[in-house]
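Below: the structure, in structure tokens.
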Amino acid sequence: MPPVIMMSIEQGIAHGEEIPLNYPPAGAINATTDEPCTTEMVNEGGQGSLKGSPPKEFDGTRSKLETFGDDFSIYQRINQKNQVMKEPYSRVLMAMSFMKGPKIQDWVRAQMRALDNKVNPQKRGLSESDETL
């Protein structure tokens, strides 16, 4: 099954929605450090980097969506023990980091904002010390 992000794209397409176009592409960010994620990030035990071939960039071309989803799914599974892939927030941002171009950049920006609003306690009116599910 493709990552959650891909399911969202597919649902939008199925409902005839346009993919937004006017924001720059997102970089992947490690949620625990706010540092950019790279394929050099180490595995859980501090050993090695991400393995396998990363998916080719997805430019928003609908006919290439399924291939991108399959390729990212394989990449995710190969690296399932890597901290970037274990953490849902970072995994989604990693997938979005491969989405670039005018056909998809608005959609990526909107998804990043929505994701930040969901995971940032202060944007939901909570203090950092508040515990939530």
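The values are calculated or read from the model by the stated rules, or taken from the named source; none is laboratory data. Note that the structure is predicted; figures quoted are calculated from it, not measured. No Cβ is skipped: glycine too gets one built from the backbone with ideal geometry, and neighbour counts run over all protein chains shown.
The table that follows gives values for the structure above.
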read-out	value
Enumeration of residues in the range 74-91 that are closer than 20 Å to SER53 by Cβ and under 12 Å from the mean Cα position of the chain (by Cα)	GLN76, VAL84, MET85, SER90, ARG91
Residue in the range 80-96 that is over 25 Å from ASN117 (Cα atoms), out of contact with any Cys (no Cβ under 7 Å at 6 or more places or on another chain) and loosely packed, with under 14 Cβ neighbours inside 10 Å present	yes
Count of residues meeting criterion [closer than 13 Å to PRO54 by Cα and of a type in the set (Phe, Trp, Tyr)] in the range 92-122	1
Any hit, the range 62-69, residues being in a helix (DSSP H, G or I) and either at pLDDT below 60 or within 14 Å of the chain's Cα centre (by Cα) (or both)	yes
